[in-house]
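Taking it in order: structure first as structure tokens, then the write-up.
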Amino acid sequence: MTRSEIKKKFGDTASLWNALILFGSVLMMASLCAPLLSNSVYIEDELSALHLPNRFFYAQCLERHESFLWTPYYYCGYYVFGEGQGGFFHPLHWLLYKTLPLATAFDLEILSTYPFAFLGMFLLLRRWRLPLSAVLFGAMTFSFAGWMISTYNWINVIRVMAHTPWLIFCVDVVLRDTDRRRVTLASLGVTLLTASQILTGYPGLVYLSGIMEGLYALLICRQTHRWRPLAILLAAKVL
């Protein structure tokens with residue numbers, strides 16, 4: 001078999017795998033959207049016991065222009081903002097619950113996590129110059145398999161973790177690139193993504209994400225023997 005024949009044969013196979021992986025990803029995302037299409041919501045465990053009531057209260061406060069820092073509905077009065085699960089000061093949450101009906105906003109808060117996670121992992125694996133099939137499969141398994149799906153009822157947890165591939169991608173750009181414009185944009189990305197994680201409201205996962213970013217940064221600096229960009233990264237993270 002000639003080289004061109006091998007390339008054609010395996011190239012066609014790779015195209016088929018890419019199409020199947022994309023189809024599988026779209027199918028899984030479509031299945032998750034069932035409540036959105038039927039004007040209903042997911043209610044398993046914490047969703048009905050904690051997240052949905054918090055967001056009902058949040059949406060009411062936004063509609064009435066009232067403070068959402070304290071609620072009379074828990075323990076004869078409770079500082080619900082300090083509890084953190086609502087992520088009330090996140091701009092996306094404000095936009096969703098200010099402009100949309102509660103059920104639609106709640107569904108979109110959950111569902112938007114998955115394409116965001118998929119795209120972040122896709123960009124990260126492409127930067128590692130892996131074959132496209134491996135990139136698509138990695139993005140699919142990160143977003144729609146295992147942990148991200150099994151813990152969907154912990155909205156804040158999966159939303160914080162969905163930021164991590166994006167952050168590692170930005171860390172890689174800051175530490176490897178020499179183009180100042182790309183480094184500046186990636187540094188800004190680290191700052192904004194970290195702020196988004198914090199405002200989402202789950203500090204434990206923000207901490208774990210930071211550990212992953214830090215270990216990855218040390219690995220890259222050791223490989224490239226370039227330690228000065230680490231100061232830029234630390235400044236962006238602290239900011």
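Of the residues that make up the range 85-99, is at least one free of Cβ contacts under 8 Å to residues at least 12 places away in the same chain, among the aromatic types (F, W, Y) and farther than 30 Å from S38 by Cβ?
no
Mind telling me which of the residues S143, S150, S187 ends up being over 13 Å from the mean Cα position of the chain (by Cα) and open to solvent by less than 20 Å² (accessible area, probe 1.4 Å)?
Numbers: S143 fails: over 13 Å from the mean Cα position of the chain (by Cα); S150 fails: open to solvent by less than 20 Å² (accessible area, probe 1.4 Å).
Just one listed residue meets the conditions, S187.
Could you check A105 against (1) in contact (Cβ under 8 Å) with a residue 24 or more places away in the chain; (2) outside any loop (DSSP other than H, G, I, E, B); (3) under 17 Å from V157 (Cα atoms); (4) of a type outside the set (V, I, T) and say which number it fails?
(3)
Which residue, of L95, L125, L111, L132, is open to solvent by 50 Å² or more (accessible area, probe 1.4 Å) and touching a helix residue (DSSP H, G or I) at 6+ places or on another chain (Cβ under 7 Å)?
L132
The values are calculated or read from the model by the stated rules, or taken from the named source; none is laboratory data. Just so we're clear, the structure is a prediction, and the values are computed from it rather than from any experiment. Ideal geometry is used to build each Cβ from the backbone, glycine not excepted, and the neighbour counts take in all protein chains shown. Just the protein is used for accessible areas: all its heavy atoms, side chains included, with ligands, DNA and RNA removed. Shrake-Rupley method; radii C 1.70, N 1.55, O 1.52, S 1.80 Å.
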